Amino acid sequence: MKDEFAPRDTIPLSLGTVVTHPEKLPELVHLNDPAATVFTDFTKEHPITIGPDVSIQRAMEKMKNSGICVLLVTDEEQHLLGEITADEIMGDKPVRLTKSNGMSHSDITVSMIMTPAHKVRVLEIEHLRDARVGHIIETLKALESRHVLVIENGSIRGLYRAGQISQQLGHNIMDDEMPAHTLAEIVHSLG
């Protein structure tokens with residue numbers, strides 16, 4: 001094997017060499033800025049995924065640790081099975097499951113309350129070439145959602161998140177715009 005793989009030549013590291021990092025999104029954006037300035041691109045950032053058989057308690061821990069309120073639910077081959085949000089975990093569906101099935105909250109899995117893939121609404125990246133931040137905000141409001149996935153050639157390419165857009169705009173884009181549908185959303189809006 002020694003003859004098959006010869007070592008490569010090395011050189012001394014120059015002083016002042018910089019470390020390359022992925023392109024950072026701008027800290028402050030405006031409604032007329034290109035939508036790409038608020039896009040989470042999965043070719044540059046790893047998506048946060050979870051398996052369908054994981055407990056919702058573990059899913060919530062993963063959300064807290066990653067600072068994101070939506071997880072993509074995938075199988076072993078990374079096929080999208082659906083998505084799960086913090087609002088779904090903290091909403092009334094887990095409570096109904098514990099009461100109707102007599103199961104413990106810790107026994108509830110992601111697959112029991114996730115939104116299945118066939119119900120997930122997505123944007124096609126080809127339709128976003130001329131889109132502005134304001135277009136994405138209005139799309140989120142029309143969907144009554146805090147995020148929307150983006151596909152390209154049959155694959156999930158990334159997503160837009162209301163939290164990230166709000167942070168980059170400097171104000172909450174969802175204030176007084178979306179009706180609360182669950183107790184968790186009502187409590188969140190009051191806090």
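A compact table of results
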| quantity | calculated |
| --- | --- |
| Förster-model FRET efficiency, 35 Å R0, ASP92 and ARG129, C-beta, rounded to 0.05 | 0.30 |
| Given LYS64/LYS119; LYS44/LYS119; LYS119/LYS141, the pairs whose alpha carbons are separated by over 21 Å | LYS64/LYS119; LYS44/LYS119 |
| Radius, Kirkwood style, for the range 52-122 when every pair of distinct Cα atoms is counted (Å) | 12.4 |
| Antiparallel DSSP beta bridges within the range 35-190, as percent of all bridges there, nearest 5 | 75 |
| For the chain: Kirkwood Rh in Å [reciprocal of mean 1/r, alpha carbons] | 19.0 |
| Whole-Hz ³J(HN,Hα) from phi, Karplus 6.51 cos²θ - 1.76 cosθ + 1.60, for the range 104-113, glycine and proline x | 7, 4, 6, 8, 6, 9, 3, 5, 6, 10 |
| From phi via Karplus (6.51, -1.76, 1.60), per-residue ³J(HN,Hα) for the range 37-44 in Hz, x at Gly/Pro | 6, 10, 8, 8, 9, 6, 7, 10 |
| Long-range HN-HN contacts of MET174 with modeled amide H, under 5 Å | none |
| Within the range 109-125, backbone nitrogen closer than 17 Å to the virtual label 7 Å beyond the Cα of GLN57 toward Cβ | 109-113 |
| LEU15-ASN65 pseudo-label distance in nm [points 7 Å out on the Cα-to-Cβ vector] | 4.2 |
| Under 20 Å from the Cα of LYS24 - aspartates and glutamates, other chains or at least 8 residues apart | ASP33, ASP41, GLU45 |
| At most 13 other Cβ within 10 Å, DSSP loop - chymotrypsin sites (Phe, Trp or Tyr not before Pro), the range 1-88 | PHE5 |
| Estimated FRET transfer efficiency (ASP107, ASP75; beta-carbon r; R0 25 Å; 0.05) | 0.75 |
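We did not get these values from a lab; they are worked out from the coordinates using the rules stated. Remember, predicted model here, so these are calculated numbers, not experimental data. Cβ: placed from backbone, ideal geometry, glycine included. Neighbour counts: every protein chain shown.
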